[in-house]
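Heads up: the structure comes next, in structure tokens.
The values are calculated or read from the model by the stated rules, or taken from the named source; none is laboratory data. Since the model is a prediction, treat every value here as computed from it, not as a measurement. As a convention, Cβ positions derive from the backbone with ideal geometry for all residues, glycine included, and neighbour counts pool all protein chains shown.
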Amino acid sequence: MLTRFNTAVAHSDFGRLLLRLTFGILMLFHGVSKAQHGIGWISAMLDAKGIPGFIAYGVFIGEIVAPILIIIGVLTRPAALVYAFNLLVATLLVGMGRFFSLTDVGAWALETEALYFFGGLSIMFLGAGRYALGANSRWS
């Protein structure tokens, strides 16, 4: 029975597609919000840390361009690396004070950031799979 189940659900390319769609779409919401409401607060945060504020525009690459590439499966591995790097920078900017903290329900305070970061790394290591615009090419 277990063998039949394993055979029935053994669709690694569909799993890759589901992973790409999930993480790509969820991050795209963050990017669209920043496009609608601006990134002045990120720029101000960078300025306060002595980092040039124009670097804040990189968030559009990490939260709009990279997720779109991940969703469609073109340049998936490099886009996933950019995606993960974006999460790392965001966590370093706003989350480090919560590194050793738990929420009221016992979750790690940086749980969401870690989920996105490791999701990006997983996509980078797995690649796009067969269900992608760049499938079976160097562009996937």
| Count - residues of segment 1-32 that are of a type outside the set (Phe, Trp, Tyr) and under 15 Å from the mean Cα position of the chain (by Cα) | 15
| Since ALA90 meets every condition but one in (1) at pLDDT 95 or above; (2) among the aliphatic types (A, V, I, L, M); (3) within 12 Å of the chain's Cα centre (by Cα), which condition does it not meet? | (1)
| query | Can we say GLU111 is acidic (Asp, Glu) and touching a residue at least 24 places away in the same chain (Cβ under 8 Å)? | reply | no
| said: Just to be sure I understand, how many residues within segment 103-137 are small (Gly, Ala, Ser) and more than 17 Å from THR22 (Cβ to Cβ)? | reply: 6
| request: Could you list all residues from segment 1-16 that are free of Cβ contacts under 8 Å to residues at least 60 places away in the same chain and either surrounded by fewer than 12 Cβ atoms within 10 Å (Cβ to Cβ) or within 21 Å of GLY95 (Cα to Cα) (or both)? | output: MET1, LEU2, THR3, ARG4, PHE5, ASN6, THR7, ALA8, VAL9, ALA10
| Top-ranked residue in segment 75-91 [being in contact (Cβ under 8 Å) with a residue 60 or more places away in the chain and farther than 14 Å from PHE118 by Cα; ranked as surrounded by the fewest Cβ atoms within 10 Å (Cβ to Cβ)] | LEU75
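For (1) closer than 24 Å to PHE118 by Cα; (2) touching a Phe, Trp or Tyr at 6+ places or on another chain (Cβ under 9 Å); (3) touching a residue at least 60 places away in the same chain (Cβ under 8 Å); (4) part of a helix (DSSP H, G or I), each residue gets a yes or a no:
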residue	(1), (2), (3), (4)
LEU18	yes, no, no, yes
THR22	yes, no, yes, yes
ALA56	yes, yes, no, yes
VAL65	yes, no, no, yes
| request: Could you tell me whether any residue of segment 24-33 is closer than 24 Å to GLY134 by Cβ, of a type in the set (A, V, I, L, M, F, W, C) and in contact with a helix residue (DSSP H, G or I) (Cβ under 6 Å, 6 or more places away or on another chain)? | output: yes
| request: Could you list all residues from segment 33-43 that are surrounded by 13 or more Cβ atoms within 10 Å (Cβ to Cβ) and either polar (S, T, N, Q) or within 13 Å of ILE71 (Cβ to Cβ) (or both)? | output: SER43
| request: Only one of these is within 14 Å of the chain's Cα centre (by Cα) and either aromatic (Phe, Trp, Tyr) or farther than 18 Å from LEU17 by Cα (or both): PHE85, PHE100. Name it. | output: PHE85
| Going through segment 110-120 one residue at a time, which ones are exposed (fewer than 15 other Cβ atoms within 10 Å of the Cβ) and of a type in the set (A, V, I, L, M)? | ALA114, LEU115
| said: Between a residue in segment 26-45 that is modelled with pLDDT of 95 or more and any residue that is among the charged types (D, E, K, R) and in a helix (DSSP H, G or I), which pairs come within a Cβ distance under 7 Å, given they are 6 or more apart or on different chains? | reply: MET27/GLU63; HIS30/GLU63; GLY31/GLU63; LYS34/GLU63
